[in-house]
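The values are calculated or read from the model by the stated rules, or taken from the named source; none is laboratory data. What you see is a predicted model, and the numbers here were worked out from it, not measured in a lab. Note: ideal-geometry Cβ built from the backbone for every residue, glycine included; neighbour counts use all protein chains shown.
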Amino acid sequence: MKRSASRSPVPAQPRAPRPVPSFRPAARSHWIRAGDSGIHGRGVYAQVPIPDGTRVIEYVGEKITKAEAERREAQRLIAEREGRDACVTIFILNQRHDLDGRSPRNTARFINHSCAPNCRADTIRGRIWIVARRDIAEGEELTFDYGYGFKHWARHPCRCGASRCAGYIVGAAQRWRLRRKLRGQRRAKL
Ligand SMILES: C[S@@+](CC[C@H](N)C(=O)[O-])C[C@H]1O[C@@H](n2cnc3c(N)ncnc32)[C@H](O)[C@@H]1O
Ligand SMILES: [Zn+2]
């Protein structure tokens, strides 16, 4: 809300309730910095040692409906097919809403996925936090499990480099299905 330019005293008025912003202000964190990543594009690195359990940064973004999220995902797929920049930035927030973190104000959007991540994404009272799931050394790249479902596994090859990398970005809980699928494909080729 803009402040009035006038300095003349005005009688106190009851304040109108502030609109709830659909976009939270920029999240800042002294724990991290963004930089080029060996996994993909830009990544996020610890600039100091980060203890286990630290809320490192909030994943901020625009709160959107599921229908809008689907529309944006369809646009993203078109961009991907055309070879344009097509990062997934939409997070499931709850049953009705998602959060699109594509804004430059959201440094957490640079955090890449790993099959052996050092962070997790926790939804706490309607806000998404990136939390350290172990002690993280200075200079380590921060990662979390994107938790993608199995359905579109082939769309998301994984380059996390972990020794137990599943090969595709699929959430840990669904990875057994991916492994079964890949085993089946290997057998069919023999
Ligand atoms: C929110 S962005 C993460 C930041 C991204 N590196 C960048 O430069 O903007 C998510 C996208 O990064 C890429 N990505 C993240 N983790 C990856 C991984 N382990 N392997 C391959 N690509 C990954 C995928 O293209 C994904 O859609
Ligand atoms: Zn991986």
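So is R102 in contact (Cβ under 8 Å) with a residue 12 or more places away in the chain, surrounded by 14 or more Cβ atoms within 10 Å (Cβ to Cβ), assigned to a loop (DSSP other than H, G, I, E, B) and within 10 Å of ligand 1 (Cβ to nearest atom) or not?
Values: in contact (Cβ under 8 Å) with a residue 12 or more places away in the chain: yes; surrounded by 14 or more Cβ atoms within 10 Å (Cβ to Cβ): yes; assigned to a loop (DSSP other than H, G, I, E, B): yes; within 10 Å of ligand 1 (Cβ to nearest atom): yes.
Yes, satisfied.
Taken over the range 148-190, residues that are surrounded by 14 or more Cβ atoms within 10 Å (Cβ to Cβ) and of a type in the set (S, T, N, Q) amount to 1.
Yes or no: R133 more than 14 Å from ligand 1 (Cβ to nearest atom), at pLDDT 95 or above and out of contact with any Phe, Trp or Tyr (no Cβ under 6 Å at 6 or more places or on another chain)?
yes
Within the range 65-86, how many residues are at pLDDT 90 or above and part of a loop (DSSP other than H, G, I, E, B)? Summing the residues that are at pLDDT 90 or above and part of a loop (DSSP other than H, G, I, E, B) in the range 65-86 gives 1. Would a scan of the range 115-129 turn up a residue that is of a type in the set (A, V, I, L, M), at pLDDT 95 or above and out of contact with any Leu (no Cβ under 7 Å at 6 or more places or on another chain)? Yes, the conditions are met somewhere in the range 115-129. The listed residues are R175, R120, R109, and the only one of them that is without any contact (Cβ under 8 Å) to a residue 60 or more places away in the chain, at negative phi and assigned to a helix (DSSP H, G or I) turns out to be R109.
Condition first: touching a residue at least 60 places away in the same chain (Cβ under 8 Å) and either of a type outside the set (D, E) or under 21 Å from T54 (Cβ atoms) (or both). Can you find one or more residues in the range 160-172 that meet it? Walk me through how you get there before you give the answer.
So in the range 160-172, the residues touching a residue at least 60 places away in the same chain (Cβ under 8 Å) come out as 160-161.
When the remaining residues are screened for being either of a type outside the set (D, E) or under 21 Å from T54 (Cβ atoms) (or both), the result is 160-161.
Scanning the range 160-172, I find at least one residue that is touching a residue at least 60 places away in the same chain (Cβ under 8 Å) and either of a type outside the set (D, E) or under 21 Å from T54 (Cβ atoms) (or both), so the answer is yes.
When the residues of the range 132-172 are filtered to those that are assigned to a helix (DSSP H, G or I) and small (G, A, S), the one that is nearest to ligand 2 (Cβ to nearest atom) is A172. Return yes when Y168 is closer than 29 Å to G83 by Cα, in contact with a strand residue (DSSP E or B) (Cβ under 7 Å, 6 or more places away or on another chain) and hydroxyl-bearing (S, T, Y) and no when it is not. Yes.
What number of residues within the range 32-48 are assigned to a loop (DSSP other than H, G, I, E, B) and either under 21 Å from A162 (Cα atoms) or modelled with pLDDT under 95 (or both)?
Pass one, the range 32-48, residues assigned to a loop (DSSP other than H, G, I, E, B): 37-41, 47-48.
Filter once more, so that each one left must be either under 21 Å from A162 (Cα atoms) or modelled with pLDDT under 95 (or both): 37-41.
So the count comes out to 5.
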